[in-house]
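Coordinate-derived values only; no laboratory data. Remember, predicted model here, so these are calculated numbers, not experimental data. Cβ placement follows ideal geometry from the backbone for every residue including glycine, while neighbour counts extend to all protein chains displayed.
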Amino acid sequence: MAAGAASGHRASFGVVFAIVLIDMLGFGVVTPVLPGLIMDLTHVDIGTAAGYAGWLGAGYAAMQFVFAPVLGNLSDRYGRRPILLAAVLMLGLDYLLQAMAPNFGWLIAGRLIAGLTGASFSPAYAYIADVTPPEKRAANFGLMGLAFGIGFVVGPAMGGLLGSIDPRLPFYTAAGLALANAVFGFFFLKESLAPENRRPFDWRQANAMASLRALKGQSPTVLWFVAALGTWQLAHIVYPAAWSYFAIAAYGFSVGQVGVALALVGFSSALVQGVGLRQFLPVLGEKRAVVLGVAGLCVSAVLYTLAQEPWQVYVAIGVGALQGFVQSPISAFNSRAVDARSQGELQGAVQSIGSIAAIIGPPMYTQTLEKFSGPNAIYQLPGMPILLAAAISLITLALFLKGAALLERRA
């Protein structure tokens, strides 16, 4: 009986992994062609298009901030399966909307809907918490990171290839992936949340600010871990927000070199989260793994700043991959600090905090880069955004160690 349940849990985890992977592939596929589509719809140059894209990104993150706790709380009430399937189906229809967009207004609507459906990661993570024993959650959360990594490596490569044929083809491809994903999940995804572990839905708790206010009623242990996750997400967002601009300013990288470097970042991160966590967590332990990951980010920030040749940049990328050891162990500690009925709400609150980081981080890092590079720089140091991220990661480490000490004392 126990063996059958374990086998079923492994199969269910595989289905959720596939859902997250295909979602991230769809996201990555459209990334390379979005600037061209914006220019085509608005008839502006690349600089102005980038400004529009920044507002699109902020809107996307704002929608995740608003709807992550809604979906998380809905999954606590009605189960994970219906919420996940509905979100994936909406995402596929949304990509069709963007593919057929006749003007920029349609594209804005499409990206806002994409932000809403992207909030499905909170019930996905709650699903993993449901079907995974506490001692194995860190490794399985790490595999979710692997899905993200594969999506960010393979997706943009696919998008670049398809976009060279037709700039809208990647959107149709993403729509096909998402809709196929919905069909796959309909037949193979089983419900993970038992009826006795469900709780009533409360609109007062199912909004972004209420979700954050609900954290005030949690134990100090949970608050330390949530703060650690929030600061870590703020630190880590430096890569999608500013890394490509930093590489051009600091090293004079071409677009091709930036693409190769970002592919290496995604590949090395996926390798650490998908393989390294499972192999080394039993040896290191979760606490030392977090210390190692933060150290990797800090050392890589210094290496990036000092690098003069491409090979030195690649060494920094390899060292920086160690940061893949950070988020999953912290998430596992956090999930152990609350009961089964609150997992969805907890994951929704954490994702809401991540969405705030996604709103704040990009302008913070890009403005920092502007101040420390170019002819009007207050001081020529293009690596300052990454050094700033490293400083924030040290705050993450301090918060995590405090929470871990409280949890161990409570055990």
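Using a Gaussian network model of the chain in which every pair of alpha carbons under 10 angstrom is joined by a spring, one finds that among GLY383, GLY252, GLY230 the greatest mean-square fluctuation is at GLY252.
Scanning the chain for chymotrypsin sites (Phe, Trp or Tyr not before Pro) lying in DSSP loops with no more than 12 further Cβ atoms inside 10 Å, the longest uninterrupted stretch between such sites is 1-202.
Here the simple spin-label model places points 7 Å from the Cα toward Cβ, and for LEU401 and VAL283 these points are separated by 2.3 nm. Taking Cα centre as origin and charging only the Cβ of basic (Lys, Arg, +1) and acidic (Asp, Glu, -1) residues, the dipole magnitude of the chain rounds to 1100 debye. If you sort the three axes of the alpha carbon gyration tensor as a ≥ b ≥ c, you get a/c of 1.5 or more for the chain and a/b no higher than b/c, which makes it oblate. When the Cα positions of VAL20, VAL275, PRO195 are compared along the charge dipole of the chain, PRO195 comes out farthest toward the positive end, with charges on each C-beta of Lys, Arg, Asp and Glu.
If each residue of separation counts as 0.36 nm, what is the full-extension length gain between ILE248 and LYS136 once their alpha-carbon separation is subtracted?
Values: separation 112, 0.36 × 112 = 40.32 nm, distance 4.06 nm.
Length difference between fully extended and current span is 36.3 nm.
The residues SER122, SER393, SER164, SER373, when put in order of fewest to most other Cβ atoms within 10 Å, stand as SER164, SER373, SER393, SER122.
Provide the gained length on full extension for the span ASP202 to GLN367, in nm with one decimal, where the gain is 0.36 nm per separating residue minus the Cα-Cα distance.
Stretched fully, the ASP202-GLN367 segment lengthens by 55.5 nm.
Here the calculated FRET efficiency for ALA157 and THR42, from their Cβ-Cβ distance with R0 = 45 Å, stands at 0.95, rounded to the nearest 0.05.
Note on the chain: Lys pairs 8 or more places apart or on different chains, Cα atoms under 23 Å apart, count 5. Screening the chain for DSSP H helices whose Cα atoms reach 27 Å or more along their own axis and whose mean Kyte hydropathy is at least 0.0 gives 2-30, 46-78, 80-99, 137-163, 169-188, 286-306, 343-371, 384-410. Each Lys and Arg adds +1 at its Cβ and each Asp and Glu adds -1 at its Cβ; summed about the Cα centre, segment 253-391 shows a dipole of about 260 debye. Here the spin labels are modelled as points 7 Å beyond Cα on the Cα-Cβ line, and at ALA18 and ALA194 they lie 2.7 nm apart.
Between ASN103 and ALA58, what is 0.36 nm times their sequence separation minus the Cα-Cα distance? Round to one decimal in nm. Before the final figure, lay out each step's value.
On the way: separation 45, 0.36 × 45 = 16.20 nm, distance 1.93 nm.
Taking ASN103 through ALA58 to full extension adds about 14.3 nm, to one decimal.
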